[in-house]
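The values are calculated or read from the model by the stated rules, or taken from the named source; none is laboratory data. No experiment lies behind these values; they were computed from the predicted model shown. Backbone-built Cβ (ideal geometry, glycine too); neighbour counts: all protein chains shown.
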There are 2 protein chains.
Amino acid sequence: MNEATTRLYGAVEAGGTKFVCAIGDQEGRILAEARFPTTDPVTTLHNMVDFFRARRGEFGELAAIGVGSFGPIELDRGSDQYGSVLRTPKPGWTGADILGPLLCEIGVPLGFDTDVNAAALAEHRWGAARELDDLVYVTIGTGIGGGALVGGRPVRGLMHPEMGHIFPRRHALDGGFAGVCPFHGDCLEGLAAGPAIIARSGAPLDRLDPDHPQWAIEADYLGQLCANLVLMLSPQRIVLGGGVMNQSQLYAPIRERLVAWLGGYIDRAPFAGGVDAYVVAPGLGGRAGVMGALALAIDAAAPRASPRT
Amino acid sequence: MNEATTRLYGAVEAGGTKFVCAIGDQEGRILAEARFPTTDPVTTLHNMVDFFRARRGEFGELAAIGVGSFGPIELDRGSDQYGSVLRTPKPGWTGADILGPLLCEIGVPLGFDTDVNAAALAEHRWGAARELDDLVYVTIGTGIGGGALVGGRPVRGLMHPEMGHIFPRRHALDGGFAGVCPFHGDCLEGLAAGPAIIARSGAPLDRLDPDHPQWAIEADYLGQLCANLVLMLSPQRIVLGGGVMNQSQLYAPIRERLVAWLGGYIDRAPFAGGVDAYVVAPGLGGRAGVMGALALAIDAAAPRASPRT
């Protein structure tokens with residue numbers, strides 16, 4: 001018991017714009033942390049390995065390292081590409097092997113999942129959905145991605161969810177905008193992620209007037225996403241995070257649009273007045289990613305200790 | 001062991017147009033069966049109870065009865081309404097207590113889920129997705145409903161999925177049709193279920209020319225549903241059943257539209273040539289519903305024997 005409480009874990013939030021590396025314990029306390037920009041894979045993964053190597057003297061051998069990565073990624077342990085980034089528009093990263101350097105240089109058990117599945121796990125364990133086994137975490141930033149827990153377990157299936165690429169119905173005020181997703185043009189990410197907001201409106205949200213139509217358009221697309229989630233995944237709560245959601249005035253109109261899109265069909269308390277507690281900000285704020293990676297490490301070290309995840 | 005193999009179970013497929021009641025064993029063999037139309041709740045539920053009462057002499061006490069019901073239904077055992085139909089456009093059925101009469105009159109353990117979650121379970125156990133723990137079953141008939149297994153367990157969460165009511169993008173040839181869903185007008189069910197096909201085209205599919213635009217419209221909406229499922233739930237297989245899918249020439253264009261909607265983003269074998277094995281007909285045909293109810297009964301009698309469901 002004493003040994004278990006003093007075990008330490010590594011965590012890597014492998015994001016599309018920055019990597020966060022950390023060392024923490026099983027209560028979710030972070031004891032060391034570094035962050036650096038996501039540049040080319042060689043430099044970035046070298047920095048990641050260096051972080052853990054440099055702290056060996058201070059913290060000793062880690063019990064495991066968890067990596068929550070931007071996607072798409074290969075989660076199938078039976079695949080040659082396990083641990084790698086799949087086809088991505090991010091220059092240079094298609095095929096990048098994220099786990100390989102950790103395995104060779106650090107050599108401890110590894111946990112691996114999407115950054116958003118990891119964030120969902122962290123919000124479930126320590127954040128805004130502690131009592132709930134069925135939840136969705138969506139980040140709206142430079143891209144849009146969603147992770148989900150069903151029965152307390154991350155959803156993977158064929159690959160992993162890629163919720164940013166559904167096609168919402170176009171908003172009446174948004175007919176002329178082509179969208180910016182390199183794969184799909186006007187999918188959700190192409191219409192509602194940060195780069196889409198700037199391409200459509202000429203500026204990020206925090207520099208737009210409160211009555212700029214961009215606000216209504218954004219809330220409608222994200223409300224529609226939430227409605228689709230209710231209808232397809234039936235989560236007990238939806239957590240919306242990411243840079244765009246730092247504009248916290250968006251939560252209220254997103255909730256309104258969610259209720260409007262459902263049209264009275266889902267006869268559940270959140271849609272009859274309790275929606276403020278249904279669509280929420282991350283309890284861990286911007287820490288959900290790295291805390292999720294820590295949760296993946298804890299589960300990788302002792303999978304039987306956490307049967308539901 | 002001998003006792004276990006001779007146990008018998010009751011099954012009720014509580015559909016919106018017909019009820020199927022059956023008695024079967026744990027290998028999925030059906031030993032007795034009756035079907036009758038779904039009229040008013042009093043008559044229909046009386047017929048259901050009568051079926052089991054009349055066969056007590058022949059089959060003895062059942063180990064459990066499973067009910068797979070049209071929805072929306074209350075699945076929360078902590079609710080006063082557990083076992084009842086929730087707000088539904090089906091006349092007379094809002095609030096109807098389906099499990100109550102079985103509990104009072106037959107008094108064996110009861111399993112309860114949506115008809116489509118039950119069908120997904122049956123396809124997983126005995127049908128078209130036997131080796132797969134993550135799958136979706138969708139029925140396209142007088143309505144559209146979907147059930148899902150994640151990690152082998154039916155998805156419930158806040159209520160249960162109601163996939164028929166997502167809003168697909170409108171097809172270019174379908175701009176003038178208002179849709180027929182009483183809640184939403186032109187949601188998926190309002191655009192692509194049997195009554196929508198008849199309202200738009202004047203006849204069911206089997207009476208339309210092969211070059212009627214209805215076929216392309218239908219395939220596009222169902223392909224879009226499949227794409228949304230891939231992006232949100234990431235199933236390993238999608239099973240499409242129901243009366244509309246008896247027109248089996250629909251599967252090929254639905255698969256084509258699925259691949260088109262994904263736009264090359266999901267780098268997985270089914271979307272690079274293997275899609276025929278990804279979107280499939282039910283292995284159990286029209287039997288998925290009643291077999292699913294049987295599976296619910298088996299699990300209700302011995303929940304610990306099937307930990308994953």
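Residues considered: A:50, A:25. Of these, the only one that is at pLDDT 95 or above, closer than 24 Å to residue A:287 by Cβ, over 22 Å from the mean Cα position of the chain (by Cα) and not hydrophobic (A, V, I, L, M, F, W, C) is A:50.
Residues that are over 30 Å from residue A:134 (Cα atoms) and either within 19 Å of the chain's Cα centre (by Cα) or part of a helix (DSSP H, G or I) (or both) occur at least once in the stretch B:59-68.
Read through the list (1) without any contact (Cβ under 8 Å) to a residue 24 or more places away in the chain; (2) within 26 Å of residue B:135 (Cα to Cα), then give the number of the only condition that residue A:202 fails. Among (1) without any contact (Cβ under 8 Å) to a residue 24 or more places away in the chain; (2) within 26 Å of residue B:135 (Cα to Cα), residue A:202 violates only (2). Consider residue A:158 carefully, then state whether it is buried (at least 21 other Cβ atoms within 10 Å of the Cβ) and either in contact (Cβ under 8 Å) with a residue 60 or more places away in the chain or within 12 Å of the chain's Cα centre (by Cα) (or both). Against the criterion (buried (at least 21 other Cβ atoms within 10 Å of the Cβ) and either in contact (Cβ under 8 Å) with a residue 60 or more places away in the chain or within 12 Å of the chain's Cα centre (by Cα) (or both)), residue A:158 does not qualify. Across the stretch B:260-291, the number of residues qualifying as in contact with an Asp or Glu (Cβ under 8 Å, 6 or more places away or on another chain), more than 14 Å from every other protein chain (Cβ to nearest Cβ) and without any contact (Cβ under 8 Å) to a residue 24 or more places away in the chain comes to 0. Determine, yes or no, whether residue B:49 is in contact (Cβ under 8 Å) with a residue 12 or more places away in the chain, under 19 Å from residue B:83 (Cα atoms) and either outside any loop (DSSP other than H, G, I, E, B) or hydroxyl-bearing (Ser, Thr, Tyr) (or both). So residue B:49 passes the test.
Of the residues making up the stretch B:140-155, just one is within 8 Å of chain A (Cβ to nearest Cβ), surrounded by 19 or more Cβ atoms within 10 Å (Cβ to Cβ) and not in a strand (DSSP E or B), namely B:155. Is at least one residue of the stretch A:244-259 over 18 Å from residue A:193 (Cβ atoms) and facing chain B (nearest Cβ under 7 Å)? Scanning the stretch A:244-259, I find no residue that is over 18 Å from residue A:193 (Cβ atoms) and facing chain B (nearest Cβ under 7 Å), so the answer is no. Residues in the stretch B:258-299 that are small (Gly, Ala, Ser) and buried (at least 21 other Cβ atoms within 10 Å of the Cβ): B:288, B:289, B:292, B:293, B:295, B:297.
Applying the criterion of being in contact with a Gly (Cβ under 7 Å, 6 or more places away or on another chain) and at the interface with chain B (Cβ under 8 Å from one of its Cβ atoms) to the residues of the stretch A:165-186, the residue that is surrounded by the fewest Cβ atoms within 10 Å (Cβ to Cβ) is A:183. Inspection of the stretch A:87-97 identifies no residue that is buried (at least 24 other Cβ atoms within 10 Å of the Cβ), within 17 Å of the chain's Cα centre (by Cα), within 14 Å of another protein chain (Cβ to nearest Cβ) and part of a loop (DSSP other than H, G, I, E, B).
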